[in-house]
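Taken together, the values in this text are just the output of simple stated rules run on the coordinates, not laboratory data. This is a predicted model, so every value here is computed, not measured. Don't worry about glycine lacking a Cβ; one is built from the backbone with ideal geometry, like all the others, and counts go over all protein chains shown.
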Number of protein chains: 2
Amino acid sequence: MSAHATRPRIYLAGPEVFLPNAREIGAEKRRAAAEAGFEGVFPLDNALDLSGLDKAGQARRISLANEDLMRSCAALVANLTPFRGVSMDAGTAFEVGFMRALGRPVAGYTNARDDYRERSHAFRAGTAHHFDADRPHIEIEDFGLAENLMIEIAIAESDCTVVRSHVAAGTEMTDLTGFRQSLAELAKVLVAP
Amino acid sequence: MSAHATRPRIYLAGPEVFLPNAREIGAEKRRAAAEAGFEGVFPLDNALDLSGLDKAGQARRISLANEDLMRSCAALVANLTPFRGVSMDAGTAFEVGFMRALGRPVAGYTNARDDYRERSHAFRAGTAHHFDADRPHIEIEDFGLAENLMIEIAIAESDCTVVRSHVAAGTEMTDLTGFRQSLAELAKVLVAP
């Protein structure tokens, strides 16, 4: 049995799947995962055969394939960088919860430096969106955390930290400094007895 | 064994916990759940003893208590209404994934009528937020869904639908019309053999 064959599979969760160069980013993340001793597993969105399916069928196939992939993985690393709002991508949040319920370690990083609280205030100071239910009288979590406490504590309980990086403008979706730190944290968690 | 004692416990997920009158909303949701044959379980944020804990300790106690509550429930109803951005509350998304991984049915409703795609375009047309990783070249999901496909399909696979309501301005966080429809859907799922 080679070391290669026993590398733990790690689900690489994040909104990078929506980038035009998602495959390249996925390949880069898989390389970084391999360097850390893992087999990185990038969501299948771009590799599934969706031909002949209507939109609802496509969404179903992608979602169920991703669930199967998660079940095949020993742990997850989530990109928590804010995406279309104060918080992380909702699909990634779903995936953090999914793996947490399975009792598998979750790590995470964000390329936004500010706390959730600070971002929420900045959001409110910006243009209001008619569809958004947030209003000034609604409480803003103030725990000094980077994300909703359900996310952040799931990571802490996995003996990982939410890695925060301050990255160059325009590289919020592609800078992998924090990702590599999360991999290093997971390596300690999964290798330790 | 009375009918009362056997009512399935339903976890009531949503950002209402941040409202100043969260307890009242929780009580109202529990009443509606009872009318549908369930015991509604509202997250504990406001009922836990957090004295003597620092912020990190408070966040941990709340999060782990909510996880325990979810494990004690037969199903979940999620408020998917957009909260501080295009998408639903990240903590609620985590909880949908958590219950999905446990194989328990999830239902959901939103008080925003537009698709995820339409809201994303509206978001981009508004003021840009410096912390947000979204950029014009990044793909916007276009499956005709109300939320990220991981969320929406988890609900569809539970034999429920994402109930969309168009509610009066200012009642996005409190209108329970969609919530009651979700309860009715869950009642069929949990009662049917």
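Structure notes:
- Axis of helix A:116-125 versus longest Cα principal axis of chain A: the two differ by about 50°, to the nearest ten degrees.
- In nanometres and ascending order, the distances from the A:Gly52 label point to those of the other copies are 6.4 (point 7 Å from Cα along Cα→Cβ).
- Three-way shape label, the stretch B:31-166, alpha-carbon gyration tensor, a/c 1.5: oblate
- Of all aspartates and glutamates in the structure, those lying under 17 Å Cα to Cα from A:Lys29, and not within fewer than 8 positions of it along the same chain, are A:Glu16, A:Glu39, A:Asp45, A:Glu172, A:Asp175, A:Glu185.
- Based on DSSP H segments of at least four residues, each scored -39500 (n - 2.57), the protein assembly as shown has a per-residue ellipticity at 222 nm of -12500 deg cm²/dmol.
- Exam field: B:Gly103 pseudo-label spacings to other copies (7 Å along Cα-Cβ), nanometres: 1.4
- Inter-copy label distances at A:Ala169, shortest first and taken from points set 7 Å along Cα to Cβ: 3.3 nm.
- Net +/- balance of residues flanking B:Arg113 in space, Cβ distance below 11 Å, scoring K and R +1, D and E -1: -2
- Residue of chain B with the smallest Cβ distance to the axis mapping B onto A, distance rounded to whole Å: B:Gly85, 1.
- Counted over the protein assembly as shown, the DSSP beta bridges are approximately 5% antiparallel.
- Mean partner shielding of peptide B:99-106, defined as the number of other chain Cβ atoms within 10 Å of each residue Cβ, is 4.
- Distance in nm between pseudo-label sites at A:Asp159 and B:Glu157 (7 Å out along the Cβ direction from Cα): 3.0
- Overall form of the stretch B:151-193 per C-alpha gyration tensor (a/c, 1.5; a/b vs b/c): oblate
- Cα centroid separation, the stretch A:41-78 to the stretch A:117-151 (Å): 30
- Per residue of A:145-157, other chain Cβ atoms within 10 Å of the residue Cβ number 6 on average.
- The residues neighbouring A:Ala133, those whose beta-carbon lies less than 11 Å from its own, together hold a net charge of -4 under the Lys/Arg +1, Asp/Glu -1 convention.
- Of B:Asp175, B:Asp68, B:Asp89, the residue with the greatest mean-square motion in the GNM of chain B, using alpha carbon springs below 10 Å, is B:Asp68.
- Annotation for B:Glu139 and A:His166: the two label points, set 7 Å from Cα along the Cα-Cβ direction, are 3.4 nm apart.
- Taking Cα atoms only, the orientation of helix A:55-71 departs from the longest principal axis of chain A by about 60 degrees.
- On Cα atoms only, tilt of A:177-191 relative to the major axis of chain A in degrees: 50
- Inter-chain Cβ neighbour average for residues A:55-63, partner chain, 10 Å: 6
- In a DSSP loop and with at most 15 other Cβ atoms within 10 Å, the GluC sites (Glu not before Pro) in the stretch B:97-150 are B:Glu139.
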